[in-house]
Amino acid sequence: MEESQNNIENGIISDNYKGLLDNNHKEQWANNINGSRTPPQNMAASMVRKKSDPILVSNVRFQMLRSLLNNLQEVVLGTKLALLFPAIPLAIAADFYHFGRPWIFALSLLGLTPLAERVSFLTEQIAYFTGPTVGGLLNATCGNATEMIIALFALRQNKIDVVKYSLLGSILSNLLLVLGTSLLCGGLANLKKEQRYDRKQADVNSLLLLLGLLCHMLPLLFRYASGLNNPFATNTLQLSRISSIFMLIAYVAYIFFQLKTHRQFFESQEGDEDEEEEKPVIGFWSAFSWLVGMTIIIALLSEYVVGTIEAASNSWGISVTFISIILLPIVGNAAEHAGSIIFALKNKLDISLGVALGSASQISMFVVPVSVIVAWIMGVQMDLDFNLLETGSLAFTIIITAFTLQDGTSHYLKGVILFLCYIIIAACFFVDKIPMNETTVGNLGTVLEPSSGVLVA
């Protein structure tokens, strides 16, 4: 028994110990994993994973080598996105040998795609060992680690526009593109079936998104109502920081609501499914070490993305606005997007809605306010004023999504409408050619920020 425990902590799970888990610890693992993760988002990401063959490493004589090979097989080769891993060393080499900066940007963006999915996998593995509360908090904070790291590096380089646009794009992408394509594909694949979902989860997330929208609109409305020409009006900045604190309080309440008092709202989609019981495939310290290593790589690639985004924009003839709002979210969340569509095809709309709405709520109520507070600590003047066009797009997106989900049923036409809304908004930002250091503010003229190059309005 002691040897088996050492094996699982080192990343090796023998057949005998798997049997022991099946017989004696199955209920414990199930309780841990059901309470320690956000089921829809992790289940969607799991759709791009592939099962490994334990026979390939079971015959290796040396335990340390067997542990290493097992980890490589599960972590690196355990995803269908493994073909994109070579983009990581290519991006590093391109930067080292001073290749074209657009190439560095493209390779870094491709390299981030499998890393984002692997972080989800590793946090899920750690959740098996930490218990419901710690595991749930870990998944809640690491669910959008890529977006958070990109935002932090952009703040360090004082690129507030990139931070705002990339986070706004993640919300729009989840609510319109992911949800729209899921409803469209699910509706076409189940034309003869009535597609229904539990409205409770959708209502909770819609309320959170509306609260986040209010916090975005008030600084914008305050600035227009006061007619201030100062792009960094003290009152607007203070309002944004105070609002960010209350947004985080609301998010903490949401996590407590989700993990403790009303877990059934977020687990109802799994109740009637006969899914194969999940068990950890690597040990705790192995998963933790891999998570730290991949976070460091994500940080490196994020620095490349932030540092080369203007060069890619100039080379490709595409505005930074379009790259930040459209391209970054699509590539960064490709794994969850694909998983959401696959579950919709299987008529499991609760999971698809959990992916889209859960991720959008996390970005709006956690990542955005954390970015504002971190910028406050760093001395960077970032507020919640995302400008008129961007905030208007967000408002219509949330309202359209809320109306779409109000009756608890779905068909392909709803997906078509949401998808077309995303295409129209994407086209709007594609033709938006306003330089990154200026913007037009209604009748107040053009506001310039000469020193930082930050988009302000």
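The table below gives the values:
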read-out	value
Inter-site label distance for Leu83 and Gln238 at 7 Å from Cα along Cβ, in nm	5.6 nm
Assigned charges on the beta-carbon of Lys, Arg, Asp, Glu; segment 73-211 dipole about Cα centre (debye)	260 debye
For segment 277-330 versus segment 77-111, the gap between their alpha-carbon centres in whole angstrom	10 Å
³J(HN,Hα) computed for each position of segment 242-255 - Karplus, 6.51 cos²θ - 1.76 cosθ + 1.60, integer Hz, glycine/proline x	5, 4, 4, 5, 5, 5, 5, 4, 5, 5, 4, 4, 5, 5
Amide H contacts under 5 Å for Thr79, placed H, 5+ residues apart	Lys50
Spin-label model distance (nm) - Trp285 vs Leu188, 7 Å beyond Cα toward Cβ	5.1 nm
C-alpha center-to-center spacing [segment 168-190, segment 332-354] in angstrom	9 Å
Length released on extending from Leu210 to His98, taking residue separation times 0.36 nm less the Cα-Cα span	35.8 nm
Charged-residue dipole, Cβ positions (Lys, Arg, Asp, Glu), segment 291-400 about Cα centre, Debye nearest 20	380 debye
Pairs beyond 26 Å (Cα-Cα), from Lys80/Lys348; Lys80/Lys192; Lys346/Lys414; Lys192/Lys260; Lys260/Lys346; Lys164/Lys414	Lys80/Lys192; Lys192/Lys260; Lys260/Lys346; Lys164/Lys414
Signed unit charges on C-beta, dipole axis of segment 72-214, positive-most listed residue Cys185, Trp103, Leu77	Cys185
Pair Thr261, Phe246: separation of 7 Å Cα→Cβ label points (nm)	1.9 nm
At R0 = 25 Å, FRET efficiency that the Cβ-Cβ distance of Leu218 and Ile318 yields, to 0.05	0.20
Listed peptides 106-117, 416-427, 91-102 by packing density, highest first (mean Cβ within 10 Å)	106-117, 416-427, 91-102
Cα gyration tensor, segment 271-419 - rounded (a/c under 1.5), prolate or oblate	oblate
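Coordinate-derived values only; no laboratory data. What you see is a predicted model, and the numbers here were worked out from it, not measured in a lab. Counting neighbours? That spans all protein chains shown, and the Cβs are built from the backbone with ideal geometry, glycine included.
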